[in-house]
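We did not get these values from a lab; they are worked out from the coordinates using the rules stated. Values in this document were obtained by computation on a predicted structure and should not be read as measured data. Cβ atoms come from the backbone with ideal geometry, glycine included; neighbour counts cover every protein chain shown.
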Amino acid sequence: MSDPFATFRIEAEEHLVNLEHAMLELESDPADRELIDSAFRSMHTIKGAGGMFGFDDLSAFTHHLETAFDKIREGQFSVTADLISVVLDARDHIQGLLENQQQTPEQAQTGLSLLDRLNQIVPATASSHANDTAPISEQASPTDTTPASAELTFKIQFKPNLETFLAGMSPIPILRELQELGDAFIITLVDVLPDLDDYDPTHCYFHWDVILTTAVPIDQIEDVFLFVSDDWEISITEITIDEEDEPAKLGALLVDQGIVSDQDMGEALESQVKIGKVLLQNEAISSEQLNAALTEQKALNETRERKLQKSLSDNVRVPTEKLDILMDLVGEMVITQARLTQAAHNLQDSELQNIAEGLDRLCTELRDNTFSIRMMPIGTIFSRFKRLVRDLANELGKDIQLVTEGGETELDKTVIDGLSDPLVHLIRNSIDHGIEDRETRLNNGKPERGTVKLSAHHAESNVIIRIEDDGAGLNTDRIKAKAQEQGIIQPNESLSDHEINQLIFAAGFSTAAEVSNISGRGVGMDVVKRSIESLRGEIELQSEPGKGTCIVIRMPLTLAIIDGLAIKVGNEHFILPLSVVEECIELTAQDKQVYDGNRQIPVRDQLVPYLSLREWFGTSGESGDIEQMVIVQAGDQKVGIVVDEVIGQHQTVIKSLGRIYQGVQGLAGATILGDGSVSLIIDVQRLMQNYEEEIKTNTVH
């Protein structure tokens, strides 16, 4: 049995995220009915589940919030900026209440203060809380006033498991929740109650049937059982009832309740004369009409059966730690598979080679499936920043909007988790240092509202994330003066604007005049850069005075395993990411003599620049008369990398480089080959950037 309290907290956190998202979206469209209903459902679900799991303080506080929002749903009040602020603060308070079942005195005081603010916006009435302590059978339903034409009837059957009480749960809040949804008729079943000698008071032997007539959709009924759906037996079936329907049949009810088996009921019905036969004998219908009706009856019954058996796909929650262990095991399996392939090749054993090839295919499929489990849309963290921008803009008295693009771009969950804090800091910097106040923007001919744009897109085997603002841009004179003041550069040191802008990544550097809750503590961009580099990412900064700043982050899709192309230079092995490889061609000594002046060679009617990996890394040995050149796509340009030998495709388990290699430009990591030796992984993008810089400074030919 899963931990119900852990499940409750996880589900509640998701509903709090939904609540925050709905409230932030309501700022731009306060009358959006769908957003209002979404916020209400989140409150309602948290309240009900909190009561069921013994979080009484949380449930009571959320009930007042839900009651106020119910009045908004009914049109008694409108969504305002003040209401949104209160609900967002209440959302934070609820998150704090999730930590313990009993609130602290400080939390109790905070809750009272929030309810007082809420009451000033949406006044409570005496009748609002009349149902809080009433017995189940006496509580009124909030949907009693719903027009009958909008109501549906459901048969709900649920059976808690025996250890429900031991887990600290109670079915009573479930029944209360169902009664709040509409007109509920509750049937308590005790057919599995044991004899007194075998009765265990810590076990739950009861189960319930509920006939619920309600105006709410079935997904809201399912939400009542959200936190117990994995452990209880639950069935929710819509009952179609028309005014012209005949009364419910006793036989069907007895079968549904398990009192009579289908076989016994069938035998009893077989003894009766079937209505079709009677009508046929009375010549009321023809045999053709009877056959047509029977065919229609069969089709309707089959359709009904399919609808009843149709269920939503299940989601299995897996802790991140287990996913990390799975990825580590897959990585070790890939290394072992490479050793097996190497051994089969060395032994020239055809049967062993067939086994190795089959295992290679299985490892590839297992790797890809494990990747897909870990991949998440980066929009899962993008949505968090709307609240951040809103709160900081209000605190600073600025008018700022957050625009996001590419939220569907997928990235490894480990990378996403590691990016969260750096992105928070970068966005805070854009709001505090980048975007001007309203008056300054208007004086400079800019729109009153500033914009922070957060976007993501795939580029080869990487994801590019951009944080752009339309603020004042970086002040190079101020940065240089601060850097000199803090001893980061020498007073007479000559630097370009680009080099000056990069000084903000220096440890302890800050241009804030005063320490505040937002900036000025000297712990910032250097930490951001180290955090991103620890994830094998890169960060670049571009700025134009008066027009804004753009920060570009390039992150690998995953930190674990990639498909690579194994190459060799002298006695050294290297790996190129297969995703950037275009083709492999031969490079002769004659070709190099003709075109070596510009380090370019024609490939398919296009001049392609190239570099020698032997020369770049200073590998020992001499080049042969015929070398291999791997054409890779680096950004918008094709580049050739000259090597001695192309070995072939290789599943690469990425390992971090030690400190001794971290200063070497053009390396992304290392991997272990089948023979146990180490191969370095080439970072093609960074290699080409450094190569182009050296060409510009004439340090290479």
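In plain terms, the chain from ARG384 to GLN102 could stretch by 98.8 nm, reckoned as 0.36 nm per residue minus the Cα-Cα distance. Charges were assigned to the Cβ only: +1 to each Lys and Arg, -1 to each Asp and Glu. The resulting dipole of segment 561-696 about its Cα centre is roughly 460 debye. With the simple model of a label 7 Å out from the Cα in the direction of the Cβ, ALA6 to GLN484 spans 5.8 nm.
When only Cα pairs below 8 angstrom with a gap of at least 6 residues are kept, segment 320-376 shows a relative contact order of 41 percent.
Rounded to the nearest 20 debye, the dipole magnitude of segment 320-376 is 120 debye, with +1 charges on Lys and Arg beta carbons, -1 on Asp and Glu beta carbons, and the Cα centre as origin. Between GLU14 and GLN95, the modelled labels are 1.8 nm apart [label points 7 Å from Cα along Cα→Cβ].
Sorting 574-580, 483-489, 497-503 by their mean Cβ neighbour count within 10 Å, with the most densely packed peptide first, gives 574-580, 497-503, 483-489. Simple spin-label estimate for ASN690 and LEU279 gives 8.6 nm between the two label positions (7 Å along the Cα-to-Cβ direction from each Cα). The charge dipole of segment 378-556, taken about the Cα centre with unit charges on the Cβ atoms of Lys, Arg (+1) and Asp, Glu (-1), comes to about 320 debye, rounded to the nearest 20.
Report relative contact order for segment 180-241 in percent, whole number only (criteria: Cα-Cα under 8 Å, sequence separation at least 6). It comes to 37 percent, rounded to a whole number. Taken over segment 4-129, the ratio of Cα radius of gyration to 2.2 N^0.38 Å equals 0.99.
Using Cα pairs closer than 8 Å and at least 6 residues apart in sequence, work out the relative contact order for segment 378-556, in percent. Please list the in-between numbers first.
Numbers: 301 pairs, mean separation 42.3, N = 179.
In percent, rounded to a whole number, it is 24.
Over all distinct alpha-carbon pairs, what is the Kirkwood Rh of segment 331-375 in angstrom?
Its Kirkwood hydrodynamic radius stands at 11.0 Å.
List the aspartates and glutamates whose alpha-carbon lies under 20 Å from that of LYS568, not counting same-chain residues fewer than 8 positions away? Within the straight-line limit of under 20 Å, LYS568 reaches these aspartates and glutamates: GLU582, GLU583, GLU586, GLU615, GLU622, ASP625, GLU627, ASP644, GLU645, ASP675, ASP683.
Subtracting the Cα-Cα distance of ASP477 and SER113 from their residue separation scaled by 0.36 nm leaves 126.3 nm.
Ranked from highest to lowest mean number of other Cβ atoms within 10 Å per residue, what is the order of the peptides 321-330, 680-689?
In decreasing order of mean packing, 321-330, 680-689 become 680-689, 321-330.
Ranked by the mean number of other Cβ atoms within 10 Å per residue, highest first, peptides 168-180, 206-218 order as 168-180, 206-218. Ordering LEU402, GLY358, HIS425 by the projection of their Cα atoms onto the charge dipole of segment 310-427, which places +1 on the Cβ of Lys and Arg and -1 on the Cβ of Asp and Glu, puts LEU402 at the extreme positive end. Past 22 Å, Cα to Cα: identify those pairs from LYS398/LYS529; LYS480/LYS529; LYS547/LYS638; LYS322/LYS413; LYS322/LYS655; LYS453/LYS655, in the order given. Pairs exceeding 22 Å: LYS398/LYS529; LYS547/LYS638; LYS453/LYS655.
At each listed q (0.10, 0.11, 0.18, 0.25 Å⁻¹), what is the log10 of I(q)/I(0) that the Debye formula gives for segment 320-423 modelled as equal alpha-carbon point scatterers? Calculated log10 I(q)/I(0) at the listed q: -0.49, -0.55, -0.90, -1.23. You can think of it this way: the chain between THR202 and THR80 has 39.0 nm of extra reach, that is 0.36 nm per residue less the Cα-Cα gap. Legend: translational diffusion of segment 561-696 by Stokes-Einstein, Rh = Kirkwood radius over C-alpha pairs, 25 °C, 0.890 mPa s; D = 161 µm²/s.
FRET efficiency for the CYS584 to GLU493 pair, using the beta carbon distance and R₀ = 35 Å, is estimated at 0.15.
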